[in-house]
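Q: The structure follows.
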Protein chains: 4
Amino acid sequence: MRFFSDNAASVHPAVLEAISRANRVDTAYDGDAISRSLDSLLSQVFETDVTAVWIATGTAANSIALASLCPPYGSVLCHKDAHIQNDECGAPEFYTHGAKLALIEGDGAKITAEALRQKLAATPGGVHWAQPHALSITNATEYGRVYTPEEVAALGEIARAHGLGFHMDGARFANAMVTLGCAPADVTWRAGVDVLSFGFTKNGGMSAECLVYFDKAKAAGVVERRKRAGHLLSKGRYLAAQIVALIENDVWLENARAANAGAQQLARACAGRLLHPVEANEVFARMTPDEAAQLRAQGFDFYDWAEGEVRFVVSWDQPEAEIAAFSAAIAAL
Amino acid sequence: MRFFSDNAASVHPAVLEAISRANRVDTAYDGDAISRSLDSLLSQVFETDVTAVWIATGTAANSIALASLCPPYGSVLCHKDAHIQNDECGAPEFYTHGAKLALIEGDGAKITAEALRQKLAATPGGVHWAQPHALSITNATEYGRVYTPEEVAALGEIARAHGLGFHMDGARFANAMVTLGCAPADVTWRAGVDVLSFGFTKNGGMSAECLVYFDKAKAAGVVERRKRAGHLLSKGRYLAAQIVALIENDVWLENARAANAGAQQLARACAGRLLHPVEANEVFARMTPDEAAQLRAQGFDFYDWAEGEVRFVVSWDQPEAEIAAFSAAIAAL
Amino acid sequence: MRFFSDNAASVHPAVLEAISRANRVDTAYDGDAISRSLDSLLSQVFETDVTAVWIATGTAANSIALASLCPPYGSVLCHKDAHIQNDECGAPEFYTHGAKLALIEGDGAKITAEALRQKLAATPGGVHWAQPHALSITNATEYGRVYTPEEVAALGEIARAHGLGFHMDGARFANAMVTLGCAPADVTWRAGVDVLSFGFTKNGGMSAECLVYFDKAKAAGVVERRKRAGHLLSKGRYLAAQIVALIENDVWLENARAANAGAQQLARACAGRLLHPVEANEVFARMTPDEAAQLRAQGFDFYDWAEGEVRFVVSWDQPEAEIAAFSAAIAAL
Amino acid sequence: MRFFSDNAASVHPAVLEAISRANRVDTAYDGDAISRSLDSLLSQVFETDVTAVWIATGTAANSIALASLCPPYGSVLCHKDAHIQNDECGAPEFYTHGAKLALIEGDGAKITAEALRQKLAATPGGVHWAQPHALSITNATEYGRVYTPEEVAALGEIARAHGLGFHMDGARFANAMVTLGCAPADVTWRAGVDVLSFGFTKNGGMSAECLVYFDKAKAAGVVERRKRAGHLLSKGRYLAAQIVALIENDVWLENARAANAGAQQLARACAGRLLHPVEANEVFARMTPDEAAQLRAQGFDFYDWAEGEVRFVVSWDQPEAEIAAFSAAIAAL
């Protein structure tokens, strides 16, 4: 039973159906009606006029967003555990042409307003030190924590005061939204976010993310950057269709709700073991190698995060029986 | 009726089925069994031990291949009408970090051995002029012409003598193979090609190309370059499945055969108008604006290539009735 | 006797003296009084408020200027024989992060307004083709031709109409100015030029060029780009001093006048052989290999430009006797 | 009295003389006899056959060295306080095309073998995390500490075992050599270093550094990278002459000896205040703002390093009287 990654989850039936339906569309690149509907669809979701650009992966989405916000000679402030720093083999550096990531510490991979202020105060001016041009946060974070609208707004205010572009990596934005229960607008543009990488792949999509520019001026060059990165799929309609399928009928929220609920169930089984509060679909827990081995012997698959630490990820399609079985197995340790 | 691009064609049913089947696979990135089968599958197709790397687009495939062959300070020899020069918004420059494309002329977007030799002879040595490190040709070419194994081998010999890596852009490799009727090996590694961008998207795939390294040493860094370009799909199994579906049962050849046959039919209707011999699935023809307008008025859609010139592309899924109707309409002009 | 390059000429005594004087200055990087005087000094030369940035080489000056004007996904229009295209080993591509150079033909390495208009008209729009963002011309050109203020203004008007930044490579700007006899402003900002690479190295300097931004907004990021290219010399005062020494007392014009006059003398000796009108300090002439050998046997050194073509360059410090001797030798062929 | 930077020091008379002498040389770029003598000269200094490449700045030297050792998708291990990380505005990222710097902690900006081993052990494999390809250390370090041959050799052994290229930033290599008293070979190639940035600018040069490749195979592409960065000076003989002037007659060692001795004198005055042992020409000391103000009021100029911390740098040309006066003033606080 797979608890190691939501990247391994299946594709939602509505997405497969939408892909099949897209087979009757016959315009190349992003000139088709489905692709062209995204601006309007995402503008509805976010209650403001946005520029929406489909892209196949979160790594590319994040990196193009950063290239929109930061010149090659600048730096991007982010958490030291951020995906853009640790898991993308230098993709942000590739797309920004060598901008530096300037790292900030903080519990649960969250950046506090105070930590951001301190980092900025400690950054020397002048041309010798790469100057900060952007701030990037992840919501939900790499440790499954969620930023509230108030927390994001506090960061957004500092970003604006320092002329920083503000990016949100939303690989698990759906999971954050379900937990927050607020409007998507509240935790994004109303809180100062300029561009969001809105993730669908981990949440029932096949290969589909959406760059959402709330500050449309910052979208200048985005389609050119996508093209020259080889990310303008010649049959983009099959990608756009996935996004539409997940947004229509709120499938994205339904999927995230299921995953989050499963994580809560595991969290209860992990009482006393939790390394971080469980606010999305990930559970980080203390566990001895011996305990981990016992669980694996029962057929449960998951990551060893660090010495004595494990990570469980609940996917949108995880059968309730699996979650119940896993919870029971953990509780029985 | 669409004759403007094979990028607008539908996805073959076998591909859609394979995507559905891949939904039961649950390993992330390229760790799944389908992805891992590609080396072996492509090694069979090419009768030699290859490194095969899936990638979503031809632009990315070409550009990563060139980055494998040419350092940032070098140049890539290619035809002045090559896709890598004209249609990728600087993607080769992005991936190679600024290598130059050095352009060669020639009929039908083909590079002759003589033209290559002359270009090399005319290139000054030293550090002021970017030195050639690679040669890239397209088969079938941008004008639907096909290189024979002999022609490729003549280029390959020169490439080897000058220490150039040799890349083949095979966006329409299937169409070339059908015309040539030889073994895929004959026109690639046996003729000196180091790496092939093997295209599936235009030929019944959804978003699927395969980098095939015949010189496996040159594949060093390819998976890292793919990752940092954001092209390591987290659910890569759905991409790998497309390639497998098209290779199994020779669907790729069957599709190309249909497209090429349609192009031959149009070519006959275009007798006296042809700008290039028709050797793949594209037809380039002389046509007055008035004639073009007449065809469009009858519902036929195609590109104006240049003043007084049009391009028709026949896709794998083009109904015979459409081709017949179009042929008749052209002939009736 | 050296007629192969003005890069091989000596440094003017005033420059050496200025370097010695700079030895008493003690502030690092570009914080010293000499460096800080450049804005004002160049503003006087050009009769408008400019941002002036010293840099050690023309290659770096040109490339940083282009990076100021063109995003990585754009293209720079230039002549096919431009130095930035042929002699800088891809430096523009390095600094712009992969922008393409789009080449225009024309006699004497000059771009006419008509040729520029045609090139722009022939450039497809959209994201597949790198869109032009800048125009770069060289004055005097690679063939020693000079653009008049009217010619530059005609190009400048087209550039403005198409939203192109306008760069002038002035490696031999002094030689052009002497020929034109106009105000430096007339052939630069008054004609629409946004940024000039003002060359001093070939004209009596040691290693000194000056980027002159007439459109100061376009200078954003220039000092950061210079720093990260390793071109912010830690002892910049010795570079700035060279520029000041050459501008003060019009040494730059005096030097260019001498070089141009020498070239005119050679041009007269080359009557009937000239490939281009001689308008700066370079002479391009037809010459058989046998004739060239005869001259070399007499101790004259120069470049073979192409088959049956030679190039002579007269330097600022060329003794009159050498020029006379060379003229006589050519005439005697 | 200037104690804020050795970049503000004057140029040694022998260097100015050498520059004047170079005025009689007349070959461009690096084709002249002085430039061509560097390989041999540096081979003597290092008692092995090296490839020596002049370059104007330490930032460019370091960055080109790193580009020789690390592909764009790799990482360079260095100290968190390294110049390449903090003071070069992303130059390593520019030249390597986006390689990451992976930071290691340690007293005095030194990396211990143990710290290096731990960092490597903690680095995940695979394509998601940029894999280490090079190690870069600074000798003397940013805090004026010196690596012994044994310490370098211990790092060199680990580097070799992990396939890492090994770079030494020697901006103050002369100061380290004077302190160590060993052969230059002992602390470089005999200890596993592949390439050294040998600094001359801070030690009596004007703008002169030398890349010294002990592993000559790793020098592939270095002159091309220098050219396309605009660092191939067209009159390189004036740069090469500086290096020769400083090496001949051991001026480089004499200069460093003077600077180091001055630093020792200040160190004695700083007894009880020292933040780091003084092993080169820099002194880092605790000092209250009030004390610093007192010194400045007496005409002494220096950097505030951090809150309650100051840095003094003694230059090669610092008059003894200045050093004595400063020592007395410090002691009198």
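Q: Filter the range C:108-118 for residues that are away from chain B (no Cβ under 14 Å) and without any contact (Cβ under 8 Å) to a residue 24 or more places away in the chain and give the result.
A: Step one: list which residues in the range C:108-118 are away from chain B (no Cβ under 14 Å), which gives C:108-117.
C:E114, C:A115 - these are the residues of the range C:108-118 that are away from chain B (no Cβ under 14 Å) and without any contact (Cβ under 8 Å) to a residue 24 or more places away in the chain.
Q: Given C:A134, C:A176, C:A240, which one is in contact with a strand residue (DSSP E or B) (Cβ under 8 Å, 6 or more places away or on another chain), closer than 23 Å to D:L232 by Cα and not assigned by TED's automatic domain parsing to the domain that holds C:D317? Quick ask: steps written out before the conclusion?
A: On the way: C:A134 fails: closer than 23 Å to D:L232 by Cα; C:A176 fails: closer than 23 Å to D:L232 by Cα.
Answer to the check: C:A240.
Q: If D:D169 satisfies all but one of (1) surrounded by fewer than 24 Cβ atoms within 10 Å (Cβ to Cβ); (2) closer than 27 Å to C:K227 by Cα; (3) more than 12 Å from every other protein chain (Cβ to nearest Cβ), what's the number of the condition it fails?
A: All conditions are met except number (1).
Q: With respect to D:T27, is the statement that it is polar (S, T, N, Q), within 13 Å of chain C (Cβ to nearest Cβ) and not in a helix (DSSP H, G or I) true?
A: Details: polar (S, T, N, Q): yes; within 13 Å of chain C (Cβ to nearest Cβ): yes; not in a helix (DSSP H, G or I): yes.
Yes: the conditions hold for D:T27.
Q: So, in the range C:185-206, how many residues would count as being in contact with a helix residue (DSSP H, G or I) (Cβ under 6 Å, 6 or more places away or on another chain), farther than 16 Å from C:L38 by Cα and of a type outside the set (D, E)? Can you show your working first?
A: Here is the first cut: in the range C:185-206, the residues in contact with a helix residue (DSSP H, G or I) (Cβ under 6 Å, 6 or more places away or on another chain) are C:185-187, C:191-192, C:194-195, C:197-200, C:202-206.
Those left that are additionally farther than 16 Å from C:L38 by Cα: C:185-187, C:191-192, C:194, C:202-204, C:206.
Retained after the next criterion (residues that are of a type outside the set (D, E)): C:185, C:187, C:191-192, C:202-204, C:206.
Residues flagged as in contact with a helix residue (DSSP H, G or I) (Cβ under 6 Å, 6 or more places away or on another chain), farther than 16 Å from C:L38 by Cα and of a type outside the set (D, E) within the range C:185-206 amount to 8.
Q: Out of the residues in the range A:128-138 that are within 14 Å of chain C (Cβ to nearest Cβ) and in a strand (DSSP E or B), state the one that is farthest from D:T57 (Cα to Cα). Let's see the steps before the verdict.
A: First, pick out the residues of the range A:128-138 that are within 14 Å of chain C (Cβ to nearest Cβ): A:128-133.
Next, from what is left, pick out any that are in a strand (DSSP E or B): A:131-133.
On the way: A:Q131: 21, A:P132: 25, A:H133: 26 Å.
Out of the qualifying residues, it is A:H133.
Q: Report those strands (runs of 3 or more DSSP E) wholly inside the range D:256-333 carrying at least 2 residues which are closer than 28 Å to D:V15 by Cα.
A: On the way: elements: D:282-286, D:303-306, D:309-313.
Counting at least 2 such residues, we get D:282-286, D:309-313.
Q: Look at B:D304 and say whether it is over 20 Å from B:A174 (Cα atoms), exposed (fewer than 15 other Cβ atoms within 10 Å of the Cβ), among the acidic types (D, E) and within 24 Å of the chain's Cα centre (by Cα). Full working, then the answer.
A: On the way: over 20 Å from B:A174 (Cα atoms): yes; exposed (fewer than 15 other Cβ atoms within 10 Å of the Cβ): yes; among the acidic types (D, E): yes; within 24 Å of the chain's Cα centre (by Cα): yes.
Considered against the rule, which asks whether it is over 20 Å from B:A174 (Cα atoms), exposed (fewer than 15 other Cβ atoms within 10 Å of the Cβ), among the acidic types (D, E) and within 24 Å of the chain's Cα centre (by Cα), B:D304 comes out as yes.
Q: Let me confirm something: among D:L275, D:L246, which residue is closer than 29 Å to D:Y143 by Cβ and more than 19 Å from the chain's Cα centre (by Cα)?
A: Working: D:L246 fails: more than 19 Å from the chain's Cα centre (by Cα).
Step by step, each of D:L275, D:L246 is checked, and only D:L275 is closer than 29 Å to D:Y143 by Cβ and more than 19 Å from the chain's Cα centre (by Cα).
Q: Filter the range D:30-39 for residues that are farther than 18 Å from D:D215 by Cβ and either part of a loop (DSSP other than H, G, I, E, B) or not aliphatic (A, V, I, L, M) (or both) and give the result.
A: Restricting attention to the range D:30-39, the residues satisfying the condition of being farther than 18 Å from D:D215 by Cβ are D:30-37.
Passing the criteria: D:D30, D:G31, D:D32, D:S35, D:R36, D:S37.
Q: Now a separate question. For the subset of the range C:167-185 comprising residues that are part of a strand (DSSP E or B) and touching a residue at least 40 places away in the same chain (Cβ under 8 Å), which member is farthest from C:A61 (Cα to Cα)?
A: To start, the set of residues in the range C:167-185 that are part of a strand (DSSP E or B) comprises C:167-170.
If we keep only those that are touching a residue at least 40 places away in the same chain (Cβ under 8 Å) as well, we get C:167, C:169.
Values: C:H167: 11, C:D169: 9 Å.
That would be C:H167.
Q: Limited to the range B:153-164, what total is found for residues that are surrounded by fewer than 23 Cβ atoms within 10 Å (Cβ to Cβ) and under 23 Å from B:D87 (Cβ atoms)?
A: Result for the range B:153-164: 0.
Q: Step by step: first the residues of the range C:30-74, then only those that are among the β-branched types (V, I, T) and more than 12 Å from chain D (Cβ to nearest Cβ), then the one that is surrounded by the fewest Cβ atoms within 10 Å (Cβ to Cβ). Which residue is that?
A: Step one: of the range C:30-74, the residues among the β-branched types (V, I, T) are C:34, C:45, C:48, C:50-51, C:53, C:55, C:57, C:59, C:64.
Those still in the list that are more than 12 Å from chain D (Cβ to nearest Cβ) too: C:34, C:45, C:48, C:50-51, C:53.
Numbers: C:I34: 24, C:V45: 20, C:T48: 15, C:V50: 28, C:T51: 21, C:V53: 26.
Among residues in the range C:30-74 that are among the β-branched types (V, I, T) and more than 12 Å from chain D (Cβ to nearest Cβ), the one surrounded by the fewest Cβ atoms within 10 Å (Cβ to Cβ) is C:T48.
Q: Separate question: I need a count of the residues in the range A:32-56 that are touching a residue at least 60 places away in the same chain (Cβ under 8 Å) and either charged (D, E, K, R) or within 15 Å of A:R226 (Cβ to Cβ) (or both).
A: Count: 11.
Q: What's the number of the only condition in (1) within 12 Å of chain C (Cβ to nearest Cβ); (2) touching a residue at least 40 places away in the same chain (Cβ under 8 Å); (3) of a type outside the set (S, T, N, Q) that D:H97 fails to meet?
A: (2)
Q: Is it fair to say A:V223 is assigned to a helix (DSSP H, G or I), among the hydrophobic types (A, V, I, L, M, F, W, C), more than 7 Å from every other protein chain (Cβ to nearest Cβ) and under 29 Å from B:E209 (Cα atoms)? Quick ask: steps written out before the conclusion?
A: Values: assigned to a helix (DSSP H, G or I): yes; among the hydrophobic types (A, V, I, L, M, F, W, C): yes; more than 7 Å from every other protein chain (Cβ to nearest Cβ): no; under 29 Å from B:E209 (Cα atoms): yes.
Considered against the rule, which asks whether it is assigned to a helix (DSSP H, G or I), among the hydrophobic types (A, V, I, L, M, F, W, C), more than 7 Å from every other protein chain (Cβ to nearest Cβ) and under 29 Å from B:E209 (Cα atoms), A:V223 comes out as no.
Q: Kindly indicate whether any position in the range A:116-134 is closer than 26 Å to A:D250 by Cβ and not aromatic (F, W, Y). Can you show your working first?
A: First, the residues of the range A:116-134 that are closer than 26 Å to A:D250 by Cβ: none.
No; the residues of the range A:116-134 include none that is closer than 26 Å to A:D250 by Cβ and not aromatic (F, W, Y).
Q: Out of everything in the range C:139-153 that is in contact with a Ser or Thr (Cβ under 8 Å, 6 or more places away or on another chain) and outside any loop (DSSP other than H, G, I, E, B), what residue ends up being nearest to C:T112 (Cα to Cα)?
A: Of all residues in the range C:139-153, those in contact with a Ser or Thr (Cβ under 8 Å, 6 or more places away or on another chain) come to C:140, C:146-147, C:151-152.
Restricting the remaining residues to those that are outside any loop (DSSP other than H, G, I, E, B) gives C:151-152.
On the way: C:E151: 7, C:V152: 9 Å.
Across the range C:139-153, the extreme among qualifying residues is C:E151.
Q: Name every residue in the range B:1-18 that is in a helix (DSSP H, G or I) and either within 7 Å of chain A (Cβ to nearest Cβ) or small (G, A, S) (or both), in order of residue number.
A: Step one: of the range B:1-18, the residues in a helix (DSSP H, G or I) are B:6-8, B:13-18.
Listed by number, the residues that qualify are B:N7, B:A8, B:A14, B:L16, B:A18.
Q: If you don't mind, there's one more thing I want to ask. Considering the range A:99-129 alone, what residues qualify as being small (G, A, S), surrounded by 18 or more Cβ atoms within 10 Å (Cβ to Cβ) and farther than 14 Å from A:H162 by Cβ? So that I can check it myself, show each step before the final result.
A: Going through the range A:99-129, the residues small (G, A, S) turn out to be A:99, A:102, A:106, A:108-109, A:113, A:115, A:121-122, A:125-126.
If we keep only those that are surrounded by 18 or more Cβ atoms within 10 Å (Cβ to Cβ) as well, we get A:99, A:102, A:108-109.
Correct list: A:A99, A:G108, A:A109.
Q: Here's something else I'd like to know. Would you pick out the residues in the range B:262-276 that are free of Cβ contacts under 8 Å to residues at least 40 places away in the same chain and either in contact with a Ser or Thr (Cβ under 7 Å, 6 or more places away or on another chain) or hydrophobic (A, V, I, L, M, F, W, C) (or both)?
A: Result: B:A267, B:A271, B:L274.
Q: Does C:G125 meet the test of being more than 14 Å from chain D (Cβ to nearest Cβ) and assigned to a loop (DSSP other than H, G, I, E, B)?
A: On the way: more than 14 Å from chain D (Cβ to nearest Cβ): yes; assigned to a loop (DSSP other than H, G, I, E, B): yes.
The answer is yes for C:G125.
The values are calculated or read from the model by the stated rules, or taken from the named source; none is laboratory data. Everything numeric in this text was worked out from a predicted model, so none of it was measured. As a convention, Cβ positions derive from the backbone with ideal geometry for all residues, glycine included, and neighbour counts pool all protein chains shown.
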